Structures are given as C-alpha cells and as structure tokens.
1. Exactly one condition in (1) in contact with a Ser or Thr (Cβ under 7 Å, 6 or more places away or on another chain); (2) under 26 Å from GLN116 (Cα atoms) is not met by TYR252; state its number.
2. Would you list the helices (runs of 4 or more DSSP H) that sit entirely within segment 132-230 and hold 1 or more residues that are acidic (Asp, Glu) and at pLDDT 85 or above?
3. Looking only at segment 319-367, count how many residues are more than 22 Å from LEU69 (Cα to Cα) and of a type in the set (Lys, Arg).
4. Assess whether ALA121 counts as being surrounded by 14 or more Cβ atoms within 10 Å (Cβ to Cβ), in the same structural domain as VAL203 (by TED's automatic domain parsing), in contact with a Cys (Cβ under 6 Å, 6 or more places away or on another chain) and at pLDDT 65 or above.
5. Against the condition outside any helix (DSSP H, G or I) and surrounded by 12 or more Cβ atoms within 10 Å (Cβ to Cβ), how does LEU363 come out, does it pass?
6. What are the residues in segment 339-360 that are in a helix (DSSP H, G or I) and of a type outside the set (A, V, I, L, M), if any?
Amino acid sequence: MISDTFLEKSALQVNDGVEQPPIINPNAVSRFKKFQQKLPSADEFVEGILSENITMLSKAITLVESSLLQHYALGQEVIERCLPYSGNSIRIGITGVPGAGKSTFIETFGKMLTTQGYKLAVLAIDPSSERSKGSILGDKTRMETLCADKNAFIRPSPSAGSLGGVARKTRESLILCEAAGFDVIFIETVGVGQSETAVHSMVDFFLLLLISGAGDELQGIKRGIMEMADLLAVTKADGENIMKAEQARILYQGAMRFLPPSESGWQPKTMTCSSRTNTGLTEIWDIINGYMKFTKANGYFKTNRLRQAKYWMYETINIYLRDNFYQNPVIKEKLTEFENAVLSDTLSSFTAAKQLFDIYSELEKVKK
C-alpha cells in the first residue's frame, strides 16, 4: 500500500486545478429574473415606446419574442395599441449570398442614413442551431460604429427554427419599432433560402447583395429570389475588384431581362457598390426613394401593404393551429406511441399524422 508521505512527494499527485467559471452567466440569470419580477404593464410599455424609450422598446420586443404563455396576452395587447402609430417607415429587406458583406453594408449604409438625420432600426435574423437551438446573435459585434449611434437601434433575434430562419416575431417587432419613431427599418435575413419569401412579405423594398469572382455568378442564386429583388447590388466593387464587379453586374442585368415583369411595374435595377470606399451608397438610397415614389403613385404601395397584412393573418393562424396541436396534453402523450409505430413500420407516416389529427379534432369538438 502506498503511504500518504510518498503521495505528497510523488509527481502522481493531482492538483485541484483552476476553478472553472459557471456555465451560465449569473448576471444574465439575475437580469432575466428581474425582467420576470418587474414586468411593466401594457400602459407602461406603450407609453415608453411612443416616447421613443429604447430600453422600453427592447423590453417590449423581448416580451413578444417570449414563448411563455403568460407573456402572450400582454405582448399582443401592446402590439394592438401600437398598431395605429405604425406604418410610417420605409421597410427594406436585405439579403445576399454568404460572404457578400451584408453586415458591413448595413453598417456603412445605415451610418450614412443616420448622418442625414434618419432614425434607423435593424432587425437582424440570426440562424439558430438545429442541434442546440442556440444562436450566436453576433450582429452587434459586426456593427460597432452603428451600435454607438444614438439614431440607430440594432436588434438581433434568433430564428428559432422557423421557416427559412425568419424569426416568427419579426413583423411584431417591426410594428413596435415604427411606433417608436424609426423612419427606416432594415430586415436582414440569414442568407439565400426560403427566408426571403417571408421577409418579402413584410417589406416595401427588397435588396439583393451579390459578389463577383465566385465562379459562375448565377450558380446557387434561385430564380425566385431574383424575381423578388427590386435592386441587385454587386458589393466589394473597389481596388482590383472594380472590373470584376462591373462584369458581374452586366451578367446579372442580362439575366434579369428573362424574368417576368414585376407586379409593381417597377423595372429592377442592377449596380455596383463598395462599403469600404462608400461608393454607390448614395445611388442606392436614391433608387429606394425613386421606388417608393413610383409605387405610391401607381397605388401598388398601399395594395402591397394590405396584402401583406392579410398574408400574416393567415400565417398567424397556421402558427396558432400548429402550436395548439402540439401543446394539447393528449396529443403529447400519443406522439411517442405513434412515433414508435412509425419507427417499427407498423404504421405509415401519413396514416399516423391523419390519426393524430382525427384525435385532436375529436378533442376540440368535446371542448365545444
């Protein structure tokens, strides 16, 4: 048997090591508890938002993003009361291929607008992990200059696994930002994918950022996304890349000619720009203002916004039905049973879904 004296002198002895920090930030936990304990009333929320209190606006967005049932009713009341004060901003959707420099463009372009006296809100959708369901929410770290601007408000939100990465509550957040007096609202998507369809249904102008020198310029760009774009801008048109950017712009311009005319009657534009040298940014803003003037004159602007409101009514119904289905206690119990039946090949996926829905329908009838 090895003596204690030997262990004390031996190199086999294991030290305690450095104390590890807690997995969860205790300050974050305390802030969450504080939010829970001192939740403002609907009157306080609305009064704070209308008085352009950024802290209260942030709390209100956190409220509507919350998945807790006790927050839902209060959040909807706040949105409903802010609705009459919304609708006065220019809503711009911004998307692009990976590496196009969306965050850099938004910071430089946004800074140009705030310098001109505009109040800018940026709703940046951050992709959530399919495995951990977590998000980095790092957009603020990539927009340091804009973050420090008193006329700018940047709100990163997790996509939380919703369609194509678009946060379910983005439209509600947009309404709150408009009620808080923001003139221009950017909605940045996670990249080229299904999310653009949802973003297109909540903005007035759709900007697609592209890059040159990535092989086949049209490879990976979905036709549907190009059809939605009101402006295609080739970024990073500076230094030795100016010629390549211009060549890419010409290629995109040629491709746009084969697309059907847009419902708005607007002819989509193509151009080059650089966030590093600030070239093309003023022209982009002029194009956006020209689009707004054009669509308001021909009536498309109002028609489009009304159609968007209708779209989100149906989208909310779909979300409500889905959530209500999965939150039903009987369905929760039955899901495992039906999953096992599908996995053991005793029941097809389609039959299992139909039977579960029939059970849910009967439960809803009994409630009535």
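1. Tallying (1) in contact with a Ser or Thr (Cβ under 7 Å, 6 or more places away or on another chain); (2) under 26 Å from GLN116 (Cα atoms), TYR252 fails exactly one: (2).
2. 170-179
3. 3
4. Criteria met by ALA121.
5. No.
6. GLU339, ASN340, SER349, PHE350, THR351, LYS354, GLN355, PHE357, ASP358, TYR360
Condition check ((1) farther than 24 Å from ASP183 by Cβ; (2) in contact (Cβ under 8 Å) with a residue 12 or more places away in the chain; (3) surrounded by 14 or more Cβ atoms within 10 Å (Cβ to Cβ)) across all residues:
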{"residue": "VAL46", "(1), (2), (3)": "no, yes, yes"}
{"residue": "LEU50", "(1), (2), (3)": "no, yes, yes"}
{"residue": "ILE61", "(1), (2), (3)": "no, yes, yes"}
{"residue": "VAL64", "(1), (2), (3)": "no, yes, yes"}
{"residue": "LEU68", "(1), (2), (3)": "yes, no, no"}
{"residue": "CYS82", "(1), (2), (3)": "no, yes, yes"}
{"residue": "ASN88", "(1), (2), (3)": "no, yes, no"}
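Here's the yes/no breakdown for (1) surrounded by 14 or more Cβ atoms within 10 Å (Cβ to Cβ); (2) of a type in the set (A, V, I, L, M, F, W, C); (3) in contact (Cβ under 8 Å) with a residue 24 or more places away in the chain; (4) farther than 30 Å from GLU246 by Cβ:
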position	(1), (2), (3), (4)
PRO268	yes, no, yes, no
MET271	yes, yes, yes, no
SER274	yes, no, yes, no
ASN278	yes, no, yes, no
PHE338	yes, yes, no, yes
SER348	no, no, no, yes
THR351	no, no, no, yes
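The values are calculated or read from the model by the stated rules, or taken from the named source; none is laboratory data. The model shown is predicted, which means the values in this text are computed figures rather than measured ones. We place every Cβ from the backbone using ideal geometry, glycine too, and count neighbours over all the protein chains shown.
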